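First comes the structure, then the notes that go with it.
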Amino acid sequence: MASDGRTADDATTVVYLGGFGRSGSTLVERVLGSAPGWVNVGELVDLARTVAPHDELCGCGRAFSACPVWTEIGEVAFGGWTEDVLARIRSAHRAAARQRHLPGLLRSGRMTSPALASLQDDYAAIYRAVAEVTGARVVVDASKGPALGQAVAGATGIDLRVLNVVRDPRAVAWSWQREVVRPHDVSGTDHMWRIPAHRAAAQWSGLQVEMELVTRFGGSPSARLRYEDLVSDLAGTVETATAAIGLPVRASDLPLRDDGVIDLAPSHGLSGNPSRFRSGPVQLRRDAAWATEMPRVPRAVVTALTLPLLHAYDYTSDRSARPGPGVAHDAPPAASDRRILT
């Protein structure tokens, strides 16, 4: 029996997507959120630190403060998204769930502190409210940071499962070189920041090592999901990954058409890649532009810095640079409303 009177059967199930940015987590969360009984919330880590303070756009296209779903979630969880609530969450995250806190969170017996307890209580309240308001039984959080995921894993009333979303680090590094409009705020004039290739490689490696530690010592059911496998065989990859964490999603649960198009409904995902605003018929496409466009020197640097994990994750062959079987890569859309999601 939990301290709030709830039994283990009442726990809110959360699938936490870990890894490094530009690895396809937005695509993964949108696909999982399309399954019956599942809902994706985007990068919940940004709710208190940027989304609410700057009134950024929800995935539904409304400003956060004008989104009826997030307004109701805030009311159910806290009686509203007050500045006191947001400040408390930000403070607790800084004090208990930064990268430097991961070793303590992974130790047997776990790190404990008032800040960690506060963070766990608040995240548990948000997850419960999301499930209640949306009617979902599984909440998908694409926050990615291993330390935050491990902190949340210890929350009372939360049944957390972990998916490590991985993409070829050369593709990740090249993606971080691109200038991407960040239409999160009302003006839509902001841009996502860019990271040099060597720094992206180092951060990718560091976060993947942390995710491997979470898998080995974290105590939550976990599995690895490669972006390249997802766009090559969406149904099979989703079935395998979700079965591995004990929450099997069948191909028939996904709005996937015979022509490889998935019909995505609008979502209420927060923060993350601008593709979260796309809905309707979506043609999956492997983004392998790095293989032909990435200059030789930064490509060699990224390869050298990530070589051990390139081998471990089977990225030393050229498979990740080619379109997968059954995936329309360069083919034009068959319908005028079809979009490309990479």
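Model label points for Arg98 and Val209, set 7 angstrom from Cα along the Cα-to-Cβ axis, are 1.9 nm apart. With R₀ set to 35 Å, the beta-carbon distance separating Asp259 from Glu72 gives a calculated FRET efficiency near 0.45. Here's the picture: a label point sits 7 Å out from the Cα of Met111 along the beta-carbon direction, and within the stretch 136-158 the residues with their amide nitrogen under 13 Å of it are 146-152. The H on the amide N of Asn164, modeled in the peptide plane, is under 5 Å from the matching H of Gly18, Ala223, Arg224, Leu225, each at least 5 residues off or on a different chain. What the phi angles of the stretch 139-150 give under the Karplus curve with 6.51, -1.76 and 1.60, with θ = phi - 60°, is a coupling list of 9, 9, 10, 9, 5, 6, x, x, 5, 4, x, 5 Hz, glycine and proline written as x. Residues in the stretch 247-264 carry Karplus couplings, in order, of 10, x, 10, 8, 4, 5, 7, 9, x, 9, 8, 4, 8, x, 9, 10, 8, 9 Hz; the curve used is 6.51 cos²θ - 1.76 cosθ + 1.60 with θ = phi - 60°, and Gly or Pro positions show x.
The residues Val231, Val140, when put in order of fewest to most other Cβ atoms within 10 Å, stand as Val231, Val140. Working from Cα pairs under 8 Å separated by at least six residues, relative contact order for the stretch 10-341 is 26 percent.
Between amide H atoms placed 1.01 Å from N, distances below 5 Å from Ala142 occur with Leu17, Val41, Gly42, Glu43, Leu44, all of them 5 or more places distant or on a separate chain.
Extension gain for Ala251-Arg216 works out to 9.7 nm (0.36 nm per residue, less the C-alpha to C-alpha distance).
Highest mean packing first, where packing is the average number of other Cβ atoms within 10 Å per residue, the peptides 80-89, 97-106 line up as 97-106, 80-89.
Laboratory data are not the source of any read-out in this text; all were calculated from the coordinates shown. Source: prediction; values computed, not measured. Cβ: placed from backbone, ideal geometry, glycine included. Neighbour counts: every protein chain shown.
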